[in-house]
Every structure is written in C-alpha cells, then in structure tokens.
Amino acid sequence: MKNRARFGNMGRVFFFMVFLLAGCSTTPAVRYYTLNPFSEMPPDISQAVSGDTIAIGVGPGEFPKFLDRPQIVTRKSQHRVEVSEFHRWAGSFSKDFLQVLAKNISMLLPADRVAAYPWTDQFSPSFRIPLTVEQFDGRFGEHVVLNVTWSVWNQKDANEPVLMKHTRIKEPVSAADYDALVAAQSRAIGTLSRAIVDEIERVSHRD
C-alpha cells in the first residue's frame, strides 16, 4: 500500500511539473501596430498652394529589405538591429508609410487631390514625390531616426526632378515600449510631410 501511495504521489508530482512546464512554454501573443497620420488638423495649415490646380502623387518609395517586413525592427547598436516576432505591422510597412505621408500632405495643403503610389490611370499628378528611405528605426526610450532622400518632379518636365533633398529626422521615444516607438515613427512622417509641403509651395510659386 505504501509503494502504491508513493507511486501515486510521484505521478501527481510528475503531472504537476508537466503542467508548469507547459505554462512556461506558452508562446506570447502577437501584437499588431499601425503608423498613423496627424491625429488632428495641424494649426499651421498652408494656404499658399491652390488645391484646385495642383495634384500630388506620393511615391513610389524604396525601402531597405530589413525594414520592409511584417516584423517591427528596433535599433540595438550602430551595427545591430533586432527583429521582433511578436510585435508586427498590421499591414504592409512600405504601403502604410506612403499612405500616411499622403494623408498628412492632403491635410497640410488645401487640397484633397493627393494619392499614394500606385495611383489609378485617372489620377494625373502635377507633382510626383518619389523617395528612398535609408533608415527608419529607433531605440526604446531614446529616439527614432528617419533618413530619407526624396525629390519633386513636375509633370511639365518629366526628364529631371525640380529638386532633390536629403532629410534626416530625429524624434524622441517617450517610453521603452513599442507603442511609444511607433508613435514616434508616425511623428517623424509628419515632420517629413511638412518639409515636402514647404518645398511644393516654393516650387509652385516658381512656376
């Protein structure tokens, strides 16, 4: 009887240990994030460009392969990045970037004729804004960095750009988590949107 009781206790301990190990090995839930345009109408809305005569095409955009993926990438050091399996973009990173940029530009200009690449055949932009993103990542609790080269092409002269610019934007990350990181990335796109609109205003006046 004692042996039977001993084996019974050992069996219960075994199953208890299996239960604990199963609990410890549970895969964390995947969390999904989105880039977002301005949450409200910026106070310094431009009125310098006529929305009735201008249409803007945002893109196409080129992105590093290590960034244009479902997983969110964070910067660990100058030469090392980390790819999170459990924190991911809800959509396409590159497409969402262009969509948010286009939405911001449409809010900054008195026009709703702004489209992200690829646009339909019926849309004929007065200006095209292709861009190449070289860096767009960050560190928790520190900052995100957006390095991007972009240009403005006038429909009247498609052989060469009206201007080319390189913009480096640094936005603080308010906390050591992915929500704060993505919020800072959204703000960085907002800063880029303002820089592009400033140049479009200048170019349109020149024409």
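The values are calculated or read from the model by the stated rules, or taken from the named source; none is laboratory data. Here the structure is a predicted model, which means the values were calculated and not measured. Using ideal geometry, Cβ is built from the backbone for each residue, glycine included, and neighbour counts are taken over all protein chains shown.
Go through (1) within 22 Å of TYR178 (Cβ to Cβ); (2) more than 18 Å from the chain's Cα centre (by Cα); (3) among the basic types (Lys, Arg) and name the single condition ARG113 misses.
Failed condition: (1).
Within the range 61-113, can you find the residues that are modelled with pLDDT of 95 or more, in a helix (DSSP H, G or I) and of a type in the set (Ser, Thr, Tyr)?
SER94, the sole residue that qualifies.
It is to be established whether one or more residues within the range 36-47 are modelled with pLDDT under 50, exposed (fewer than 10 other Cβ atoms within 10 Å of the Cβ) and part of a loop (DSSP other than H, G, I, E, B).
Within the range 36-47 (the criterion being modelled with pLDDT under 50, exposed (fewer than 10 other Cβ atoms within 10 Å of the Cβ) and part of a loop (DSSP other than H, G, I, E, B)), the answer is yes, since at least one residue qualifies.
Output the residues belonging to the range 107-133 that are surrounded by fewer than 21 Cβ atoms within 10 Å (Cβ to Cβ) and touching a Lys or Arg at 6+ places or on another chain (Cβ under 9 Å).
Answer for the range 107-133, where residues must be surrounded by fewer than 21 Cβ atoms within 10 Å (Cβ to Cβ) and touching a Lys or Arg at 6+ places or on another chain (Cβ under 9 Å): TYR117, PHE123, PRO125, SER126.
Mind checking whether some residue in the range 96-104 is free of Cβ contacts under 8 Å to residues at least 40 places away in the same chain and closer than 18 Å to GLN155 by Cβ?
no
Given the conditions (1) buried (at least 19 other Cβ atoms within 10 Å of the Cβ); (2) in contact (Cβ under 8 Å) with a residue 60 or more places away in the chain, and given that TRP89 satisfies all but one, which numbered condition is not satisfied?
Checking TRP89 against (1) buried (at least 19 other Cβ atoms within 10 Å of the Cβ); (2) in contact (Cβ under 8 Å) with a residue 60 or more places away in the chain, the one that fails is (2).
Yes or no, residue by residue, for (1) over 15 Å from ILE129 (Cβ atoms); (2) part of a strand (DSSP E or B); (3) over 13 Å from the mean Cα position of the chain (by Cα):
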site: PRO161; (1), (2), (3): no, no, yes
site: LYS165; (1), (2), (3): no, yes, yes
site: ALA176; (1), (2), (3): yes, no, yes
site: SER186; (1), (2), (3): yes, no, no
site: ILE189; (1), (2), (3): no, no, no
site: ILE196; (1), (2), (3): no, no, yes
site: GLU199; (1), (2), (3): no, no, yes
site: ARG202; (1), (2), (3): no, no, yes
